[in-house]
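The structure appears below as structure tokens.
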Amino acid sequence: MSDIKDASLAPSGRDKIAWVADYMPILNRIRAEFEKTQPFAGLTIAMSIHLEAKTAYLAKTLRAGGARVVMTGCNPLSTQDDVAAAMATDEAGFEVYARHGVSDEEYTKHLKDTLSCHPDLIIDDGGDLISLLHGECREYGDRLIGGCEETTTGIHRLQSREAAGMLDYTMIDVNDADCKHLFDNRYGTGQSTLDGIMNPTNLMIAGKVFVIAGYGWCGRGLAMRARGMGAVVVVTEIDPIKAIEAIMDGFTVLPMEEAAKLGDIFVTLTGCRDVIRREHFEVMKDGVLLANSGHFDVEIDKVALAELSDKVYERKPHITGYHLKDGRTLNLLAEGRLVNLAAGNGHPAEIMDMSFAIQAKGLEYLVKTKGQLAHKLYAVPREIDEEVARIKLESMNVRIDVLSDEQKEYMEKVE
């Protein structure tokens, strides 16, 4: 049983999935392998992900490996209803609990409905499934072998839980695999965030002061792309090492209290809360754009923004105008949620092909090592990272050098 908006939307969703499948050669290779080896035969996989075409194709890859797949969204605004309809109606073996724009209560219910399958494996994006499995839905984790976490925010939550001695399941840190964060976080977020800003606004990037909060891999990628489109890029940071890196990469670094006076476009990518606050809104220019590419909608203080306003209204789809009492208007994109998915198309298929290959192989690794791993957060094994990288290079028709036996002996020699 599924809970979707409208089954009649399925043909559009099928077209989207078929399109991205043509540009995901690594998953295609893994899917063919899984069809032969059936690593997930008899197992149920629960997924909380941004439910769109690329994640749907990951689900199809896992299904090809014998899994029953139960899916929900990981953000109320990132679910694409036509893709959800396609997955719920195309074939047996899928259940979908997701609709675009659900309330917080409906969103939580969908998470619980998804976990009620008593999964053997999970894929989490942001940590909502694992949090419920440690709380209200603990009884649904009775068969759980382990799971994979996709994003920085989710990893922070897992690290905090592990440090406190409160992690009761085995989890794989997909986010910090090289074939994930070096490409997905940097090139994927850089491109898709600009897409999410330009899509609803149809405004120029060139010549504007573009303020980026956070110079992690996502912030680096966005700074690179914004500069490439002609923006004057300002970075804000709390980490002195990352701040130095931003300076040496050629960007201006300022505290937000100063950057707030200069910026035309603001994007938060920190994983923290209240990054842009009341005191910052009070000094911003009229007409600025405010956007967030962090996982949760807490990086821009929407409560304070509303308190400063005498009118809050939808200016266009995905653009909320906050008319301040002093006459200025600040524009919040995508309700402060992930702008690249709520107002854009998400990361490119070629990028997510690498991340989702890590997810698929990570789950296979958990099955192969069942009973051997502690209840800890584990790094993705290096051999999986390198396998994905090799397949990616092959798909690009790129060859690289190989060490000779003599070279290997030299490199491994103990002096």
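The values are calculated or read from the model by the stated rules, or taken from the named source; none is laboratory data. Note that the structure is a prediction, hence the values are computed from the model and not measured. Neighbour counts run over all protein chains shown; Cβ positions are idealised from the backbone, glycine included. Remember, those area values only see protein heavy atoms, side chains included, never the ligands or the DNA or RNA. Shrake-Rupley method; radii C 1.70, N 1.55, O 1.52, S 1.80 Å.
Residues checked against (1) open to solvent by less than 30 Å² (accessible area, probe 1.4 Å); (2) in contact (Cβ under 8 Å) with a residue 40 or more places away in the chain; (3) among the acidic types (D, E); (4) under 25 Å from K368 (Cβ atoms):
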site: C148; (1), (2), (3), (4): yes, yes, no, yes
site: I155; (1), (2), (3), (4): yes, yes, no, yes
site: A164; (1), (2), (3), (4): no, no, no, no
site: G188; (1), (2), (3), (4): yes, yes, no, no
site: T193; (1), (2), (3), (4): yes, yes, no, no
site: I197; (1), (2), (3), (4): yes, yes, no, no
site: N202; (1), (2), (3), (4): no, no, no, no
Flag for R337 being closer than 30 Å to V102 by Cα and either out of contact with any Leu (no Cβ under 8 Å at 6 or more places or on another chain) or buried (at least 19 other Cβ atoms within 10 Å of the Cβ) (or both): yes
Just one of (1) out of contact with any Gly (no Cβ under 6 Å at 6 or more places or on another chain); (2) within 29 Å of G327 (Cβ to Cβ) trips up E245, so point out which. (2)
Looking at (1) in a helix (DSSP H, G or I); (2) open to solvent by 80 Å² or more (accessible area, probe 1.4 Å); (3) closer than 16 Å to G214 by Cα, which is the one condition that is false for R273? (1)
When residues of segment 80-99 are limited to those that are open to solvent by 10 Å² or more (accessible area, probe 1.4 Å) and in contact with a strand residue (DSSP E or B) (Cβ under 8 Å, 6 or more places away or on another chain), the one nearest to G336 (Cα to Cα): R99
Of the residues T329, T268, only one is more than 18 Å from Y215 (Cα to Cα) and of a type in the set (S, T, Y); which? T329
Those residues of segment 77-94 which are of a type outside the set (A, V, I, L, M, F, W, C), closer than 18 Å to A46 by Cβ and at pLDDT 90 or above, in sequence order: S78, T79
V312 being in a helix (DSSP H, G or I) and open to solvent by 40 Å² or more (accessible area, probe 1.4 Å): no
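Table: residues versus (1) buried (at least 20 other Cβ atoms within 10 Å of the Cβ); (2) of a type outside the set (S, T, N, Q); (3) more than 30 Å from F210 (Cβ to Cβ).
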| residue | (1), (2), (3) |
| --- | --- |
| I123 | yes, yes, yes |
| G127 | yes, yes, no |
| G135 | no, yes, yes |
| R138 | no, yes, yes |
| M171 | yes, yes, yes |
| A177 | yes, yes, no |
| N185 | yes, no, no |
